[in-house]
């Protein structure tokens, strides 16, 4: 992506180079069902999410009643959107040589495993 010099600062991501936010929804078959791009990398995910729902509400594939999209902990839990617990470990290596995981830790691990579909989907897309 080429960012005009006048906009480099607002596109600066946490790693020090120009980035762009992408909001993507995919199913468990790794098919993208909705994508919106264009927000600078410095913009918080929640702002991108709220703006997307406002601008594209009719096109956005809202989850059916009683179903949820798994979202990261940067998003609030709300109807149709289920985030992990903030500050609770969830990587397998964090459980080695320690006590059995708590309910929240188990939930976060399962949540992360399921949400990994989106990461794999982007990985497959990048290989094409």
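Summary of values
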{"quantity": "Condition met for residue 3 (surrounded by 12 or more Cβ atoms within 10 Å (Cβ to Cβ), touching a strand residue (DSSP E or B) at 6+ places or on another chain (Cβ under 6 Å), on the phi < 0 side of the Ramachandran plot and modelled with pLDDT of 90 or more)", "calculated": "no"}
{"quantity": "Some residue of segment 45-66 being at pLDDT 90 or above and in a strand (DSSP E or B)", "calculated": "no"}
{"quantity": "Filter result (modelled with pLDDT of 90 or more and within 15 Å of the chain's Cα centre (by Cα)) within segment 67-76", "calculated": "68, 69, 70, 71"}
{"quantity": "Any hit, segment 88-99, residues being loosely packed, with under 13 Cβ neighbours inside 10 Å and modelled with pLDDT of 85 or more", "calculated": "no"}
{"quantity": "Selected residue [at pLDDT 90 or above and assigned by TED's automatic domain parsing to the domain that holds residue 6] from 23, 82", "calculated": "23"}
{"quantity": "Hey, residue 16 over 17 Å from residue 119 (Cβ atoms) and out of contact with any strand residue (DSSP E or B) (no Cβ under 7 Å at 6 or more places or on another chain) or not", "calculated": "yes"}
{"quantity": "Residue match in segment 32-47 (condition: free of Cβ contacts under 8 Å to residues at least 12 places away in the same chain, over 26 Å from residue 16 (Cβ atoms) and within 18 Å of the chain's Cα centre (by Cα))", "calculated": "no"}
{"quantity": "Residue check, residue 49 on the phi < 0 side of the Ramachandran plot, surrounded by 11 or more Cβ atoms within 10 Å (Cβ to Cβ) and touching a strand residue (DSSP E or B) at 6+ places or on another chain (Cβ under 9 Å)", "calculated": "yes"}
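The values are calculated or read from the model by the stated rules, or taken from the named source; none is laboratory data. As the structure is a computational prediction, the values presented were derived from the model and not from experiment. Using ideal geometry, Cβ is built from the backbone for each residue, glycine included, and neighbour counts are taken over all protein chains shown.
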